[in-house]
Amino acid sequence: MNWDQIEGNWTQMKGRVKEAWGDVTDSDLQKIEGKRDRLAGILQERYGKEKDKVDKEIDSWLSRQ
């Protein structure tokens with residue numbers, strides 16, 4: 001699955017994002033609107049991780065979808 005598919009199916013993907021990153025709130029999910037850069041920003045904020053580590057986590061998660 002690629003990110004365009006995630007973005008296009010964002011409503012269905014919200015639950016999977018919450019499963020992977022439990023600290024992401026419903027409000028965060030609305031702000032993200034399926035945008036990868038917004039997800040990365042929220043994850044950096046919630047978990048205090050560097051951008052490159054967050055990007056690797058997102059890539060790993062994406063490969064499992």
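Candidates 41, 34: the one that is on the phi > 0 side of the Ramachandran plot and within 12 Å of the chain's Cα centre (by Cα) is 34.
Of the residues making up region 50-65, those that are part of a loop (DSSP other than H, G, I, E, B) and at pLDDT 95 or above number 1. Applying the condition of being outside any helix (DSSP H, G or I) and among the small types (Gly, Ala, Ser) to region 1-45 and asking which residue is nearest to residue 62 (Cα to Cα) yields 34.
The set of residues from region 24-56 being among the basic types (Lys, Arg) and closer than 15 Å to residue 14 by Cα comprises 31, 35, 36, 38. Within region 6-24, the set of residues being surrounded by fewer than 13 Cβ atoms within 10 Å (Cβ to Cβ) and of a type outside the set (D, E, K, R) comprises 8, 11, 12, 15, 22.
The values are calculated or read from the model by the stated rules, or taken from the named source; none is laboratory data. Everything numeric here is computed off the predicted structure, so don't read it as measured data. Positions of Cβ are generated from backbone atoms using ideal geometry, with glycine treated the same way; all protein chains shown enter the neighbour counts.
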